[in-house]
Amino acid sequence: MDAAGRGYDAARSQEKWARFWQEHETFAALDDGSRERRYVLDMFAYPSGDLHMGHAEAFAIGDVVARYWRLKGFDVLHPVGWDSFGLPAENAAIRHGTHPAEWTYANIDTQAASFRRYGISFDWSHRLHTSDEEYYRWTQWLFLQFFAKGLAYRKDSWANWCPNDQTVLANEQVKEGRCERCGAIVTKRQLNQWYFKITDYAQRLLDDMAQIEGNWPDRVLNMQRNWIGRSEGAYVDFVIDGREEPVRVFTTRPDTLFGATFMVVAPDAQLADEIVSDEQRPAFEEYLEQVKKQTEIERQSTEHVKTGVDLGVQATNPVNGEKIPVWAADYVLSEYGTGAIMAVPAHDQRDLDFARTYGLPVVPVIDTGQEDPRESGVATVGDGAYENSGFLDGMTTKAEAISAMCRFLDERSIGEPTVTYRLRDWLLSRQRFWGCPIPIVHCPACGDVPVPEDQLPVRLPDLRGADLAPKGTSPLAGEEATAWREVPCPTCGGPAERDTDTMDTFVDSSWYFLRYCSPHYAEGPFDLDAVRRWMPVSQYVGGVEHATMHLLYSRFFTKVLHDLGLVDFDEPFTRLMNQGQVINQGKAMSKSLGNGVDLGKQIDEFGVDAVRTTVIFAGPPEDDIDWADVSPGASLKFLQRAWRVAHDVDSPVDADVASGDVALRRTTHRAIAEVSELLESGRFNVIVARAMELVNATRKAIDTGCGAQDPAVREAVTFTAQVMSLFAPYVAEDMWELLGLEPSVANSTWPTADPALLVAQEVTMVVQVSGKVRAKIQVDPHIGEEEARAAALADPNVQRFLDGKQIVKVIAKLPRMISIVAR
Ligand code: ANZ
Ligand code: ZN
């Protein structure tokens, strides 16, 4: 019981210490050079409603790291902010009839209060919001740097279109053919859009993975590798009848060129329209309409029945001079390679399926020993003896044949080895209101003119009361925004118009980690000195769902900034940890399933510390947590036990620890060594188990061992409070105070284990056989009877004297003696 006669009171503790931390700015980075710096970053919060269980997990994990490093003596930057532009805010504002800004900033207030209550050790002085003018001014400035370098450009193309949100989507935002946000089936539209030239950085994004390999989850690196999709192969030029310029195809198998029996062009590629014969044009156009209705996913699916139409023209196979037909078919995509392929049905399954449907010839050129594909319907892909292949005949490996063919193509200038990537340029313009305006003015005389730096930011007009509902064009292109839109051209002064698109929010979140270092800096996007002090981020914590978007975009941005001379490193995040998800009863929480768990209610019922302890204890950080399998009630009981142990400590603050009970001290120091190691290797769930064990050992020492006055008890509880401060920060402060120590425990120093207390202690155990000493064995002082007996029986000398005899009785006086009576 405390002075007021109460036991542990979670609500009172939360109120008290949250206020204390705020008043004392306990978690503010010092940034004075007195300590080595570490930067702990949690993925950006999006302000849609209050914090939920997913936040509870992710931020609790990041906080273990931040708090541990602080105790280890590092100067820690652990900032907080909001990714506050974006579609969900806008859609919600439309539903609730408010302005996106009002809705957004109200949610930020709610979340900020919840973060404070949840006790995350943020440095609030570095807070930022991407929708603030002081932030998006620099997003625009960065866009203009990209623009000046040719890395931001406009083009007409088929773009993913969400008919529900009435806006374009990046490839990454299309999941299984549907809009990632609203689930609507995504269609294609020919539009003029802004792109970032991320494809220029495809190889760098792959190569620089060497810098982070081992410190990022392999899964994320593999997802990025697949997304970038590097493919080595060759271009081959085919001459088409009646067309001067040859058509290039991309192939990964130039060695199969002699088996190319037809060509296929993507129906939606410009080329198809250019080469189709007059007779075939009506059929082609009808077919094209049909293809446009399919999603890219459907087109690429292996189950999809491939369709196509003969374009009525012939091409010449450049290696054997044979005439082959040219078709348009849906399985060839306009956006990959060159949008045209040579079809080798004997050795490519897609081509074989198509050839069989349309009765096109199949010519095997490699004998792999498998069944003939014309009989089996299965394309053969392995190595084998080349046949029907001119100068390749007799070769037996792909590698050899590919390089021979590449040499042949090169010599005749009808092709060349090349590398292609699946990665597409990043489509960044959105036809929506609540985003960062693109700082370009379109002038009929001068073209696309950047807004001069001293006129930034291009402010988002208020448009209060205007209809923001999706209409296919940006609200900024509507009548309400005319006054905002019509401006004189910055170059010639003539009448011109602002660009009316806004930027994808992934642009905002591709550089926020840099801005955090100096969130209010007014001379540039960030203070380079501050960035030098803190970046790159030491530990980033966030969900694996960001593997191919946010994390790839942020790496791209960092590389561009590096090349612009704005930063001097090229990977932004040294270490990455993915947390799992919080699910319930085996399923993701959802309204329709009614299995949602409300964070606020959990906190009201069990307290912040119990929720955080439960989250950390549930399993390794990267695993999912099923809320049906965990027990915040049991966590609360543990916190109460820990609190009572601290309450019972009955030695003065300056008690001489060295004189304390050795057994308990050993337990404490073993825990110090072990917990430190577990923290370094990210096994946070086990540190909770160790804290529980230490509390139990201390309780036992108080009740039946050395007693509450022994200084070893104080030592044990002091370390327990420090460990617990990583996942149960409120009760840890209470315990610290109960120990009579100056708050905050966050300002204390992580102990180092005393090596003398770590060496396993041993004593000599005498083994007697029928009353005579036959062996002396070194054993642990806490050895049990089973182990002692086993050790004795394992001794060769003891075995000799027992040979052929029957053990009648064993008498143990442990750890000093064990006596075996045998006949
Ligand atoms: C002839 C060939 C023969 C092919 C063979 C494969 C096996 P990856 O590995 O994914 O890069 N291809 C090229 N461009 C295409 C496009 N726009 N749409 C659909 N398919 C396309 O795939 C490269 C291979 O996919 C290329 O190599 C080409 O088919 C096809 F035994 O060329 B191959
Ligand atoms: Zn002009």
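Of all residues in region 209-223, those that are in contact (Cβ under 8 Å) with a residue 40 or more places away in the chain have Cβ atoms under 6 Å from Cβ atoms of residues that are hydrophobic (A, V, I, L, M, F, W, C), 6 or more apart or on another chain, in TRP216/LEU576; VAL220/ALA547; MET223/ALA547. The condition (being out of contact with any strand residue (DSSP E or B) (no Cβ under 9 Å at 6 or more places or on another chain), hydrophobic (A, V, I, L, M, F, W, C) and within 30 Å of THR613 (Cβ to Cβ)) is satisfied by just one residue among ALA113, ALA106, ALA92: ALA113.
Comparison of ALA477, ALA469, ALA445 shows that the only residue that is more than 20 Å from ASP83 (Cα to Cα) and in contact with a Cys (Cβ under 7 Å, 6 or more places away or on another chain) is ALA445. Being open to solvent by 20 Å² or more (accessible area, probe 1.4 Å), in contact (Cβ under 8 Å) with a residue 24 or more places away in the chain and of a type in the set (D, E, K, R): is that true of ASP32 here? In short, yes.
Is it true that ALA106 is open to solvent by 10 Å² or more (accessible area, probe 1.4 Å), aliphatic (A, V, I, L, M), within 30 Å of SER748 (Cα to Cα) and modelled with pLDDT of 90 or more?
The answer is no for ALA106.
When GLY369 is tested against (1) open to solvent by 50 Å² or more (accessible area, probe 1.4 Å); (2) in a strand (DSSP E or B), only condition (2) is not met.
One line per residue, one yes/no per condition, for (1) open to solvent by 20 Å² or more (accessible area, probe 1.4 Å); (2) farther than 21 Å from ARG181 by Cα:
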position: GLU102; (1), (2): yes, yes
position: PHE115; (1), (2): no, yes
position: PHE122; (1), (2): no, yes
position: THR130; (1), (2): no, no
position: GLU133; (1), (2): yes, yes
position: PHE146; (1), (2): no, yes
position: SER157; (1), (2): no, yes
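Just one of the listed residues (ALA379, ALA328) is within 14 Å of ligand 1 (Cβ to nearest atom), surrounded by 24 or more Cβ atoms within 10 Å (Cβ to Cβ) and not in a helix (DSSP H, G or I), namely ALA328.
When region 382-400 is filtered for residues that are open to solvent by 60 Å² or more (accessible area, probe 1.4 Å) and within 15 Å of ligand 1 (Cβ to nearest atom), the ones remaining, listed by number, are ASP383, GLU387, ASN388, LYS398, ALA399. Which one is farthest from ligand 1 (Cβ to nearest atom) among residues in region 331-345 that are in a loop (DSSP other than H, G, I, E, B) and surrounded by 24 or more Cβ atoms within 10 Å (Cβ to Cβ)? Checking each candidate, the answer is PRO345.
Taking PHE638 as the residue in question, decide whether it is open to solvent by 50 Å² or more (accessible area, probe 1.4 Å) and among the aromatic types (Phe, Trp, Tyr). No; evaluated as a whole, the condition is false for this residue. When THR187, THR167 are screened for being surrounded by 18 or more Cβ atoms within 10 Å (Cβ to Cβ), among the β-branched types (Val, Ile, Thr) and either modelled with pLDDT under 85 or more than 30 Å from TYR540 (Cα to Cα) (or both), only THR167 passes. For region 334-353, taking the residues that are of a type in the set (A, V, I, L, M, F, W, C) and in contact with a Pro (Cβ under 7 Å, 6 or more places away or on another chain), the one that is nearest to ligand 2 (Cβ to nearest atom) is identified as LEU352.
Based on what the data block shows, is ALA283 away from ligand 1 (no atom under 11 Å from the Cβ), small (Gly, Ala, Ser) and open to solvent by 10 Å² or more (accessible area, probe 1.4 Å)? It is true that ALA283 is away from ligand 1 (no atom under 11 Å from the Cβ), small (Gly, Ala, Ser) and open to solvent by 10 Å² or more (accessible area, probe 1.4 Å). Out of all the residues in region 431-445, is one or more at pLDDT 95 or above, in contact with a Leu (Cβ under 7 Å, 6 or more places away or on another chain) and within 15 Å of ligand 1 (Cβ to nearest atom)? The answer is no; no qualifying residue exists. Checking ASP255, ASP241 one by one, the residue that is more than 30 Å from ARG189 (Cα to Cα), open to solvent by less than 20 Å² (accessible area, probe 1.4 Å) and away from ligand 2 (no atom under 16 Å from the Cβ) is ASP255 and no other.
Of the residues in region 555-567, not one is in a helix (DSSP H, G or I), closer than 30 Å to VAL582 by Cα and β-branched (Val, Ile, Thr). Any chance region 739-748 includes a residue that's out of contact with any Leu (no Cβ under 6 Å at 6 or more places or on another chain), among the hydrophobic types (A, V, I, L, M, F, W, C) and open to solvent by 20 Å² or more (accessible area, probe 1.4 Å)? Looking for residues that are out of contact with any Leu (no Cβ under 6 Å at 6 or more places or on another chain), among the hydrophobic types (A, V, I, L, M, F, W, C) and open to solvent by 20 Å² or more (accessible area, probe 1.4 Å), one finds at least one in region 739-748, hence yes.
Here is the figure for region 486-520: residues that are of a type in the set (D, E, K, R) and more than 16 Å from ligand 2 (Cβ to nearest atom) total 4. Here GLN709 meets each of (1) part of a loop (DSSP other than H, G, I, E, B); (2) open to solvent by 30 Å² or more (accessible area, probe 1.4 Å); (3) touching a Pro at 6+ places or on another chain (Cβ under 7 Å); (4) of a type outside the set (A, V, I, L, M, F, W, C) with one exception, condition (3). Counting just the residues of region 564-602 that are among the charged types (D, E, K, R) and in contact with a helix residue (DSSP H, G or I) (Cβ under 6 Å, 6 or more places away or on another chain), which one comes out least open to solvent (accessible area, probe 1.4 Å)? The qualifying residue least open to solvent (accessible area, probe 1.4 Å) is GLU571. Within the set GLN145, GLN203, GLN211, GLN190, the sole residue that is within 21 Å of THR505 (Cα to Cα) and among the polar types (S, T, N, Q) turns out to be GLN145. Of all residues in region 761-808, those satisfying the criterion of being open to solvent by less than 50 Å² (accessible area, probe 1.4 Å) and over 23 Å from ALA663 (Cβ atoms) are VAL767, GLN768, VAL769, ALA775, ALA792, ASP795, VAL798, LEU802. Tallying residues that are open to solvent by less than 40 Å² (accessible area, probe 1.4 Å), among the aliphatic types (A, V, I, L, M) and away from ligand 2 (no atom under 16 Å from the Cβ) within region 426-485 yields 12. Within region 223-244, being away from ligand 1 (no atom under 16 Å from the Cβ) and either in contact with a strand residue (DSSP E or B) (Cβ under 9 Å, 6 or more places away or on another chain) or at pLDDT 95 or above (or both) holds for MET223, GLN224, VAL239, ILE240, ASP241, GLY242, ARG243.
Look at (1) hydrophobic (A, V, I, L, M, F, W, C); (2) touching a helix residue (DSSP H, G or I) at 6+ places or on another chain (Cβ under 6 Å); (3) under 25 Å from VAL220 (Cα atoms) and you find that TRP534 fails only one, number (2).
One residue is enough: does region 300-319 have a residue meeting the conditions outside any helix (DSSP H, G or I), within 13 Å of ligand 1 (Cβ to nearest atom), open to solvent by 30 Å² or more (accessible area, probe 1.4 Å) and of a type in the set (A, V, I, L, M)? The answer is no, given that none of the residues of region 300-319 is outside any helix (DSSP H, G or I), within 13 Å of ligand 1 (Cβ to nearest atom), open to solvent by 30 Å² or more (accessible area, probe 1.4 Å) and of a type in the set (A, V, I, L, M).
The values are calculated or read from the model by the stated rules, or taken from the named source; none is laboratory data. The shown structure was predicted, so the numbers you read here are calculated from the model rather than taken from an experiment. All Cβ positions, even for glycine, are placed from backbone atoms using ideal geometry, and neighbour counts span all protein chains on display. Quick note on the areas: whole protein, heavy atoms, side chains included, nothing else; ligands and nucleic acids left out. Shrake-Rupley method; radii C 1.70, N 1.55, O 1.52, S 1.80 Å.
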